[in-house]
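The values are calculated or read from the model by the stated rules, or taken from the named source; none is laboratory data. Just so you know, these numbers come straight off a predicted model, no measurement behind them. Using ideal geometry, Cβ is built from the backbone for each residue, glycine included, and neighbour counts are taken over all protein chains shown.
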Amino acid sequence: MIPRRALTAVFAAAAALLMLAPPASAHTELESSSPAEGATLSEAPTQVQLTFGEPVTLPPDALKITGRDGTAWPVGTPAVAGNVVTVPVTPAGPAQAYTLTWQAVAKDGDNVTGTVHFTLTAAASTTAATQAAITEPAPSSQAPVTVDTGSLPGWIWVLVAVIGLLAVIVVGVRFLRGGPKE
């Protein structure tokens, strides 16, 4: 009888640990961008906007735009407001396919990267470049970078669950062997 009760207690404790464990958090994903993936534009954008599934932070040089011929656009200082990143850019180069490469740090601390491809049907104009230089925000007017310190990384929860499960197994084995001898 004791082994059956001990085994039942072990399974009940293991089930409780599994039910109480928080769900695994997935990395944030890019939900939308301007310009959009695969867009064909007749006029070069003067800013890029990326919207993520959760707040992000940015490492240095987090965004680059390069043309198929290697032309690189000058990129301004990013402004981060929660899950939206806005970056002024100075378009430069001929009509061609361009790739926007981005990097962000997710809420759980992991690095996330991606690309957005778009095509310009006309060469970047000097008017657009001048407008981008004028609209770049001054460092003092930028939104603060969001840092979330309230959540623990997922690996800590896994470690806690494994330690708890090991403790339940040790207690169960002791009960199966007849308990501690005194």
* Quick one: is Ile156 outside the structural domain of Asp69 (by TED's automatic domain parsing), exposed (fewer than 15 other Cβ atoms within 10 Å of the Cβ) and modelled with pLDDT of 85 or more? -> no
* Asked: Are any of the residues in segment 80-93 surrounded by fewer than 17 Cβ atoms within 10 Å (Cβ to Cβ) and of a type in the set (Ser, Thr, Tyr)?
  -> no
* To do: Test each condition in (1) closer than 30 Å to Val168 by Cα; (2) at pLDDT 95 or above for Gln47 and report the one that comes out false.
  => (1)
* If Asp110 passes every condition in (1) among the acidic types (Asp, Glu); (2) at pLDDT below 85; (3) assigned by TED's automatic domain parsing to the domain that holds Thr77 but one, which one does it miss? -> (2)
* Can you tell me which residue in segment 94-119 is surrounded by the fewest Cβ atoms within 10 Å (Cβ to Cβ), limited to those that are among the β-branched types (Val, Ile, Thr) and touching a His at 6+ places or on another chain (Cβ under 6 Å)? -> Thr99
* To do: Keeping to segment 84-103, report how many residues are among the polar types (S, T, N, Q) and either out of contact with any Leu (no Cβ under 9 Å at 6 or more places or on another chain) or closer than 15 Å to Ala39 by Cβ (or both).
  => 3
* To do: State whether one or more residues within segment 125-146 are modelled with pLDDT under 95 and at positive phi.
  => no
* Would you mind telling me which numbered condition in (1) small (Gly, Ala, Ser); (2) on the phi > 0 side of the Ramachandran plot; (3) assigned to a strand (DSSP E or B) Gly109 fails? => (3)
